[in-house]
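Student: Once you've had a glance at the structure underneath, I'll fire off some questions.
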Amino acid sequence: MSLAVIIIGRNEGDRLIRGLASVQAASRIIYVDSGSTDGSQDAAQTAGAELVTLDMSQPFTAARARNAGLERLRTHGARPDLVQLMDGDCELQPDWLDAAQTFLTDHPDVGIVFGRRRERFPEATIYNRLCDWEWDVPMGEARACGGDALMRMDALEAIGGYNPGLIAGEEPEMCVRMRAAGWKVWRIDAEMTWHDAAMTRLGQFWSRARRAGHAWAEGAAMHGAPPEQHCVADVRRVLIWGLVVPIAILLLALLTSPLALMLFAVYPLRVLRMARRGGGRRIDWERAGLVVLGQFAEAAGVIEFHLRRLTSRPRGLIEYK
């Protein structure tokens with residue numbers, strides 16, 4: 001089966017150069033650039049990639065960039081059977097394409113296959129370590145993939161690609177439609193990509209968590225009805241812990257006694273419970289603390305989505321780097 005690669009990016013610098021070098025085995029490489037000013041476009045063409053530049057007068061989304069790459073494959077040159085989607089801050093592992101293609105050949109009902117994405121520098125910050133943990137999802141049939149995955153062109157075209165209006169969460173939403181069309185999504189036991197989150201500040205972590213909450217809220221609004229109930233449990237969880245519980249404690253303190261503020265101890269107790277369940281190592285404490293803290297940012301993202309929808313405000317990107 002013929003295979004092409006689509007990489008999307010903006011100002012990724014050396015990360016993009018490493019990513020382009022890692023996909024030279026593909027028959028075609030498409031690089032979709034969204035207004036880079038660091039020489040990324042020249043670097044991509046030097047590496048042999050076909051360059052697609054987005055019209056930045058229109059609102060940018062990663063979904064729109066991926067669709068532009070797919071459109072290039074459809075309308076220029078030989079259309080491939082398979083396409084590897086990849087972000088510009090990622091680098092493909094050497095054996096991934098062979099393993100993924102073999103799996104798709106042996107499983108004709110699978111439309112998307114993905115493997116283990118790892119953080120390149122997990123030791124750099126606690127935020128990078130959290131990302132590395134998040135990437136390690138269970139193996140086997142899955143409900144969704146991330147930004148890196150090998151897909152069948154036929155399956156993508158049958159569902160119309162990505163939803164260009166989503167500012168985040170476009171991959172899980174696409175997978176909802178992919179599964180509804182009868183295709184399966186699968187994670188295999190194979191190393192797929194290195195990823196460089198480059199998160200060094202609390203503000204970056206907060207923005208990333210807020211974006212996740214926004215994506216969950218939008219996903220639930222689109223596909224939250226039974227039987228899919230897409231993202232419903234995620235939205236419910238973050239609203240309970242990031243909004244309802246703290247407001248309830250504050251109201252109780254105002255209506256009864258300031259001693260009710262002691263109920264906020266439930267949050268460090270949640271950290272304790274999560275950390276002990278994970279094994280009690282330092283990394284488990286870090287992870288538990290960030291998960292609990294992140295639910296406040298995720299709740300803010302949920303609220304932001306609904307306020308935007310009520311007021312019909314245009315949606316802007318929520319970026320963390």
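The values are calculated or read from the model by the stated rules, or taken from the named source; none is laboratory data. Values in this document were obtained by computation on a predicted structure and should not be read as measured data. In this analysis, Cβ positions are derived from the backbone assuming ideal geometry, glycine residues included, and neighbour counts consider all displayed protein chains.
Student: Mind checking which residues of region 199-215 are surrounded by fewer than 19 Cβ atoms within 10 Å (Cβ to Cβ) and in a loop (DSSP other than H, G, I, E, B)?
Tutor: THR200, ARG201
Student: Just to verify a result, which residue in region 221-241, among those that are of a type in the set (Gly, Ala, Ser) and under 19 Å from ARG309 (Cβ atoms), is surrounded by the fewest Cβ atoms within 10 Å (Cβ to Cβ)?
Tutor: ALA225
Student: Return the total of residues in region 63-90 being of a type in the set (S, T, N, Q) and surrounded by 19 or more Cβ atoms within 10 Å (Cβ to Cβ).
Tutor: Number of matching residues: 2.
Student: Same structure, new question: For region 265-302: of the residues being of a type outside the set (Gly, Ala, Ser) and under 15 Å from ALA168 (Cβ atoms), which is surrounded by the fewest Cβ atoms within 10 Å (Cβ to Cβ)?
Tutor: That would be VAL302.
Student: Can ARG313 be described as farther than 19 Å from TYR127 by Cα, outside any helix (DSSP H, G or I) and over 18 Å from the mean Cα position of the chain (by Cα)?
Tutor: yes
Student: Of all residues in region 104-117, which are surrounded by fewer than 17 Cβ atoms within 10 Å (Cβ to Cβ) and not in a loop (DSSP other than H, G, I, E, B)?
Tutor: Residues satisfying the conditions are THR105, ASP106.
Student: Also: May I ask you to verify whether GLU319 is of a type outside the set (Val, Ile, Thr), part of a loop (DSSP other than H, G, I, E, B) and in contact with a helix residue (DSSP H, G or I) (Cβ under 9 Å, 6 or more places away or on another chain)? Steps first, answer last, please.
Tutor: Details: of a type outside the set (Val, Ile, Thr): yes; part of a loop (DSSP other than H, G, I, E, B): yes; in contact with a helix residue (DSSP H, G or I) (Cβ under 9 Å, 6 or more places away or on another chain): yes.
When the stated conditions are applied, GLU319 passes them.
Student: Which of the residues belonging to region 226-243 are at pLDDT 95 or above and in a loop (DSSP other than H, G, I, E, B)? Break it down into steps so the answer makes sense when it comes.
Tutor: Of region 226-243, the ones at pLDDT 95 or above are 229-243.
Result: GLN229, HIS230, CYS231.
Student: Right, GLU218: crowded, with 20+ Cβ neighbours inside 10 Å, at negative phi, not aliphatic (A, V, I, L, M) and not in a loop (DSSP other than H, G, I, E, B) or not? Reasoning before the result, please.
Tutor: Numbers: crowded, with 20+ Cβ neighbours inside 10 Å: yes; at negative phi: yes; not aliphatic (A, V, I, L, M): yes; not in a loop (DSSP other than H, G, I, E, B): yes.
Criteria met by GLU218.
Student: Do we find that LEU51 is buried (at least 21 other Cβ atoms within 10 Å of the Cβ) and modelled with pLDDT of 95 or more in this structure?
Tutor: no
Student: What number of residues within region 93-103 are surrounded by 12 or more Cβ atoms within 10 Å (Cβ to Cβ) and either part of a helix (DSSP H, G or I) or hydrophobic (A, V, I, L, M, F, W, C) (or both)? Spell out the reasoning first.
Tutor: Step one: list which residues in region 93-103 are surrounded by 12 or more Cβ atoms within 10 Å (Cβ to Cβ), which gives 93, 95-97, 99-103.
Still in the list and also either part of a helix (DSSP H, G or I) or hydrophobic (A, V, I, L, M, F, W, C) (or both): 96-97, 99-103.
So the count comes out to 7.
Student: Go through (1) over 19 Å from the mean Cα position of the chain (by Cα); (2) in the same structural domain as ILE8 (by TED's automatic domain parsing); (3) surrounded by fewer than 17 Cβ atoms within 10 Å (Cβ to Cβ) and name the single condition ILE247 misses.
Tutor: (2)
Student: Considering region 19-45 alone, what residues qualify as being touching a residue at least 60 places away in the same chain (Cβ under 8 Å) and in contact with a strand residue (DSSP E or B) (Cβ under 7 Å, 6 or more places away or on another chain)?
Tutor: GLY19, SER22, VAL23, ALA26
Student: Of the residues GLY224, GLY213, GLY219, which is touching a residue at least 60 places away in the same chain (Cβ under 8 Å) and either basic (Lys, Arg) or under 27 Å from TYR162 (Cα atoms) (or both)?
Tutor: Only one candidate passes the filter, namely GLY213.
Student: Pull up region 158-168, narrow it to residues that are of a type outside the set (A, V, I, L, M) and modelled with pLDDT under 95, then point me to the one that is farthest from LEU82 (Cα to Cα).
Tutor: My answer is GLY165.
Student: Looking at region 151-168, I want the residues that are outside any loop (DSSP other than H, G, I, E, B) and have a partner that is hydroxyl-bearing (Ser, Thr, Tyr) with Cβ atoms under 9 Å, at least 6 apart or on another chain. Which pairs are those?
Tutor: LEU156/TYR162
Student: Any residue at all in region 258-267 that is touching a residue at least 60 places away in the same chain (Cβ under 8 Å) and not hydroxyl-bearing (Ser, Thr, Tyr)?
Tutor: no
Student: Mind listing whichever residues of region 1-38 are assigned to a loop (DSSP other than H, G, I, E, B) and farther than 19 Å from LEU82 by Cα? Break it down stepwise before answering.
Tutor: Taking region 1-38 and keeping what is assigned to a loop (DSSP other than H, G, I, E, B), we get 1-2, 10-13, 22-27, 34-38.
Residues satisfying the conditions are ARG10, ASN11, GLU12, GLY13, SER34, GLY35, SER36, THR37, ASP38.
Student: Let me ask something else. What number goes with the only condition from (1) under 22 Å from the mean Cα position of the chain (by Cα); (2) loosely packed, with under 15 Cβ neighbours inside 10 Å that VAL23 does not pass?
Tutor: Among (1) under 22 Å from the mean Cα position of the chain (by Cα); (2) loosely packed, with under 15 Cβ neighbours inside 10 Å, VAL23 violates only (2).
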